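Report on the following structure.
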Amino acid sequence: MSETDSHPVNEDAYEQLVAYLDGELDSDSSQQVEERLARDAAYRRELQWLQRTWDVLDELPRADVGAEFTQTTVEVVTLSAERELLESKTVTRKRQTLLWGLAGALVVAVAATSYVAVSAFLQRPTRQLARDYPIIDNIELFTIADSVDFLHRLDDEGLFAQQEVDDGL
């Protein structure tokens, strides 16, 4: 027995034999199959087995599928498609709701940040005015002083420390 007689036919060879029996091969491929059939006994046995299988299948009675089967199949497919469409719409709505929620949160965050920034900017002059209040309140007394050096000495001695106003204004 030769080496080609002892091993089973692989899947590629099987597919090639099926295509050969169905008449799907071009002339070059058909010639290659025929050459292999002439030299490979396992390949020939596989072809004969496939041919007998085809013959048996041809002898079996054909099942007649009625209109009811077709209608039922179409209904099942339609219900499945409707379910998929409904699920798709639900997912789309959830995504849109999430997107609008995120957009709303972003708008609120931007508004809050803008409010804090503008509020801090607008309070700067008020804070400066609160720091300068003791001087403004006592401006008449400062005009009596002979020089700024005199006022600096009074500040160094802590005279103005007791008149500071809380920065929380």
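The values are calculated or read from the model by the stated rules, or taken from the named source; none is laboratory data. Small disclaimer: the values here were computed from a predicted structure and weren't measured. Glycine gets a Cβ as well: all are built from the backbone with ideal geometry, and neighbour counts include every protein chain shown.
Things to note:
- Residue in region 124-133 that is touching a residue at least 40 places away in the same chain (Cβ under 8 Å) and either part of a helix (DSSP H, G or I) or out of contact with any Pro (no Cβ under 7 Å at 6 or more places or on another chain) (or both) present: yes
- Flag if T143 is touching a Leu at 6+ places or on another chain (Cβ under 8 Å) and either exposed (fewer than 10 other Cβ atoms within 10 Å of the Cβ) or touching a residue at least 40 places away in the same chain (Cβ under 8 Å) (or both): no
- Qualifying residue in region 65-80 (condition: at pLDDT below 90 and not in a helix (DSSP H, G or I)): yes
- Members of region 109-129 found to be among the aliphatic types (A, V, I, L, M) and either exposed (fewer than 10 other Cβ atoms within 10 Å of the Cβ) or in contact with an Asp or Glu (Cβ under 6 Å, 6 or more places away or on another chain) (or both), listed by number: L122
- Test result for T53, on the phi < 0 side of the Ramachandran plot and within 45 Å of the chain's Cα centre (by Cα): no
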